[in-house]
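Read through the structure below, which is laid out as structure tokens, and then see the notes.
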Amino acid sequence: MKFRAKLVDAACLNNFTRVSNMIAKLAKTCTLRISPDKLNFVLSDKVANGGVSMWCELEQENFFSEFQMEGVSAENNAIYLELTSENLSRALKTAQNARALKIKLTNKHFPCLTVSVDLLSVSSSSRVVTHDIPVKVIPRKLWKDLQEPTVPDADVSIYLPVLKTMKSIVEKMKNISNHLIIEANLNGELNLKIETELVCVTTHFKDLGNPPLASENASQDRNSEQMAQVHIDIRKLLQFLAGQQVNPTKATCNIVKNKIVHFDLLHEDVSLQYFIPALS
């Protein structure tokens, strides 16, 4: 197994740093999947046990000027590494204004992702800061649990409002309840609701729009006014919203009634899917 990559473009470096900061907010530990054309950050807590799952995808050619990898074997040409997300994010924070950044899979008594940051010093000479991030190589037999999640057929798909607005509303709601109902219909309406014995609070969003294909498929046998809802842990939604540093170019919410809510975001060259299961 071999992996080495190099970033030199400042915009790509900033974008990659932003992705790693987002991942650190979404997952304490995650799996980095390296394949010849893609990098994926994967979180696969068992949804059946109430855990969230995440699949973040980057096309390597949009970020790296050099990228070489050899997987486990020719037919299984991939590498799966478990790491502490914050360690990568912390290492990349030192890369602001760097001339170049190199990432390499190394073995220093234990497997590491070695991040080397080429910095310009005041005297114009360069100095290299190196971070060794411990990783655990995931054996081939466990890969099946770390594949891209299958997206179930949604009862309703809807475009999301501005995520910052959504976050500030959910933060206030969290002071009242740990549970939240998210519901939407094919008329572009989305509601966030909390209900306790003492109070019921609902925030309404209108005219958000529905993705064309989803609404065509679903609307054949569904009243467009009818709400599909799912009851979720408000802290899991807030963690997802807190991880979004930039408003994405496209953000969709897919609701499978009483089962799961699936968020699908696109940030320029990065896609993120995030699944929150319903409370049982």
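Values computed for the structure shown
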| quantity | calculated |
| --- | --- |
| Principal axes of the chain: Cα extent on each, largest first, Å | 62, 46, 35 |
| Electrostatic dipole magnitude of the chain [Cβ: Lys, Arg +1; Asp, Glu -1; Cα centre; debye, to 20] | 1220 debye |
| Karplus-derived 3J(HN,Hα), 6.51/-1.76/1.60, for each residue of the stretch 60-77, Hz, glycine and proline x | 4, 5, 7, 10, 9, 7, 9, 8, 10, 8, 10, x, 4, 7, 4, 7, 10, 7 |
| Among Lys93, Lys144, Lys102, residue whose mean-square fluctuation peaks in a GNM of the chain (springs only between Cα atoms under 10 Å) | Lys144 |
| Of Cys12, Ser89, Phe275, farthest towards positive along the dipole that unit charges on Lys, Arg, Asp, Glu beta carbons give the chain | Ser89 |
| Cut-off under 5 Å, modelled amide H: who pairs with Asn258 long-range | Gln229, Val230, His231 |
| Cα-projected label distance for Asn77 with Thr203, points at 7 Å along beta-carbon direction, nm | 4.6 nm |
| Mean shadow area of the stretch 125-280, taken as a quarter of the surface of its Cα convex hull (nm²) | 14.0 nm² |
| The chain - percent of accessible surface contributed by carbon and sulfur, probe 1.4 Å | 47 percent |
| Filter on Lys25/Lys136; Lys25/Lys104; Lys6/Lys136; Lys144/Lys164; Lys164/Lys259; Lys141/Lys164 - keep pairs with C-alpha separation over 30 Å | Lys144/Lys164; Lys141/Lys164 |
| 1.4 Å probe accessible area per residue over the chain, in Å² | 51 Å² |
| The stretch 83-199, relative contact order in percent, only Cα pairs under 8 angstrom and at least six apart counted | 16 percent |
| Protection-proxy order for peptides 229-236, 57-64, 118-125, each taking the mean of Cβ atoms within 10 Å per residue, highest first | 229-236, 57-64, 118-125 |
| Scaled radius of gyration (Cα, divided by 2.2 N^0.38 Å) that the stretch 106-202 gives | 1.91 |
| Per residue Cα convex hull volume in Å³ - calculated over the stretch 219-280 | 104 Å³ |
| MRE, 222 nm, helices only [DSSP H, n ≥ 4, -39500 (n - 2.57), over the chain, to nearest 500] | -6000 deg cm²/dmol |
| The stretch 119-129 - phi-based ³J(HN,Hα) in whole Hz, Karplus 6.51/-1.76/1.60, Gly and Pro as x | 9, 8, 8, 4, 7, 6, 7, 9, 10, 10, 9 |
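The values are calculated or read from the model by the stated rules, or taken from the named source; none is laboratory data. A quick note: this is a predicted structure, and the numbers were derived from the prediction, not measured. Glycine also receives a Cβ, built like all others from the backbone with ideal geometry; neighbour counts cover every protein chain displayed. Quick note on the areas: whole protein, heavy atoms, side chains included, nothing else; ligands and nucleic acids left out. Shrake-Rupley method; radii C 1.70, N 1.55, O 1.52, S 1.80 Å.
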